[in-house]
1. Of the conditions (1) closer than 28 Å to residue 206 by Cβ; (2) buried (at least 19 other Cβ atoms within 10 Å of the Cβ), residue 303 fails just one. Which one is it?
2. Which helices (runs of 4 or more DSSP H) does region 13-130 wholly contain that include 3 or more residues that are in the same structural domain as residue 384 (by TED's automatic domain parsing) and either touching a strand residue (DSSP E or B) at 6+ places or on another chain (Cβ under 6 Å) or surrounded by fewer than 19 Cβ atoms within 10 Å (Cβ to Cβ) (or both)?
3. Does residue 265 fit the bill of being within 26 Å of residue 376 (Cα to Cα) and in the same structural domain as residue 365 (by TED's automatic domain parsing)?
4. Out of 232, 267, 286, which single residue is surrounded by fewer than 24 Cβ atoms within 10 Å (Cβ to Cβ), in a strand (DSSP E or B) and at pLDDT 95 or above?
5. Could you figure out which of (1) over 25 Å from residue 249 (Cβ atoms); (2) in contact (Cβ under 8 Å) with a residue 12 or more places away in the chain isn't true of residue 189?
6. Please go through region 138-180 and give me each residue that is closer than 22 Å to residue 203 by Cα and in contact (Cβ under 8 Å) with a residue 24 or more places away in the chain, ordered by number.
7. Inside region 285-332, can you point out the residues that are touching a residue at least 40 places away in the same chain (Cβ under 8 Å), more than 24 Å from the chain's Cα centre (by Cα) and within 17 Å of residue 83 (Cα to Cα)?
8. Hey, which of the strands (runs of 3 or more DSSP E) in region 337-434, taking only ones fully inside, have at least 3 residues that are buried (at least 17 other Cβ atoms within 10 Å of the Cβ) and not assigned by TED's automatic domain parsing to the domain that holds residue 89?
């Protein structure tokens, strides 16, 4: 039996465009671009969207899709905890079964509506009808087979056959151009009620070139062209009057000069050691750029005491890059899972890295390396994200003000007129016309 809508839908179609790393420092330039400015004038907008902790892509996108904080949805990091595994060989939270709560795309399918997703994080093996999940082959896996097994096989094959010439592996700008081509095709041929897509060009450019680089400005121009292509596809499909666009960033980034290899501190105290040719740990930092989780073997309170004493001693020097040690009181406020007792927060200009092969502090500027990253607390200044919601039933050129990432999913549900609860956030009722 088809579930009944709880309210009249604001639109039949919702296009959600995750513009990875689209943050308040990009707002001034992006808002002058022809296509984004058109959406802004035709809708509501904010450069005061606060993300969740830690500000990592998979954590945030799971909140976008669920409307709850990480302590409820269960995706606490991009990667499950994998000590001593090199970053490029680590598994990620690729699959829907990592999420402990309902998702907006599950709810849309339950209402017998069409769903589509292109490179949406944590969507592998999900209920999405037309799905190319964001997933990567590791340890000699076959990339094509992994995508087919995790997504919608026929749809994935069709998109690959039609648009593969655009793509060059995961290199940019080609990957986002491929995603955009697939989105345009899907809008025209499938007319999904909900399309969720993830564009990564801006995030990649910030990581490699820094947040204030010419390369970032070039991406903002490219992104606006992609937006224009998607808007045109909606028009060509005859959906313009019954479509709402929702464009949002998931986190900001900060430029980094120093990488801090925290696990060196634990190794020096004998908490990370080699035994019978294998690396072992009593305490271990799982790093996420601007933050780090302290993992302790179950019941080993002595290891926790030694680790915290090592951190406290290290922090006596102001140039060591640790801004805060968060205990449960702070972690409760930041909605971090109860299984975590301690996290570290980096100062701006610093980030954390798990590797044991490097000195404790590495000066990237001395090495001629430009770098930026995220993962920091969403409470940091100048670190908010951007949101634009545009369509016929949205107030025109309306400034929303301060909003939370948990508000996105209930707002999506209201747009499509479906029931979706419980959420930690609220629908942004004030953006809709009376």
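The values are calculated or read from the model by the stated rules, or taken from the named source; none is laboratory data. Here the structure is a predicted model, which is why all the values come from computation and not from measurement. Note: ideal-geometry Cβ built from the backbone for every residue, glycine included; neighbour counts use all protein chains shown.
1. Only one criterion is unmet by residue 303, namely (1).
2. On the way: elements: 27-30, 34-41, 57-66, 70-73, 104-110.
Because the criterion is at least 3 residues that are in the same structural domain as residue 384 (by TED's automatic domain parsing) and either touching a strand residue (DSSP E or B) at 6+ places or on another chain (Cβ under 6 Å) or surrounded by fewer than 19 Cβ atoms within 10 Å (Cβ to Cβ) (or both), the helices (runs of 4 or more DSSP H) in region 13-130 that meet it are 27-30, 34-41, 104-110.
3. Details: within 26 Å of residue 376 (Cα to Cα): yes; in the same structural domain as residue 365 (by TED's automatic domain parsing): yes.
It is true that residue 265 is within 26 Å of residue 376 (Cα to Cα) and in the same structural domain as residue 365 (by TED's automatic domain parsing).
4. On the way: 232 fails: in a strand (DSSP E or B); 267 fails: in a strand (DSSP E or B).
After ruling out the rest, the residue left standing is 286.
5. Failing condition for residue 189: (2).
6. Once the filter is applied, which keeps residues that are closer than 22 Å to residue 203 by Cα and in contact (Cβ under 8 Å) with a residue 24 or more places away in the chain, region 138-180 yields 138, 170, 172, 173, 175, 176, 177, 179, 180.
7. 296, 307
8. Details: elements: 343-346, 349-353, 361-363, 385-390.
By residue number, 343-346, 349-353.
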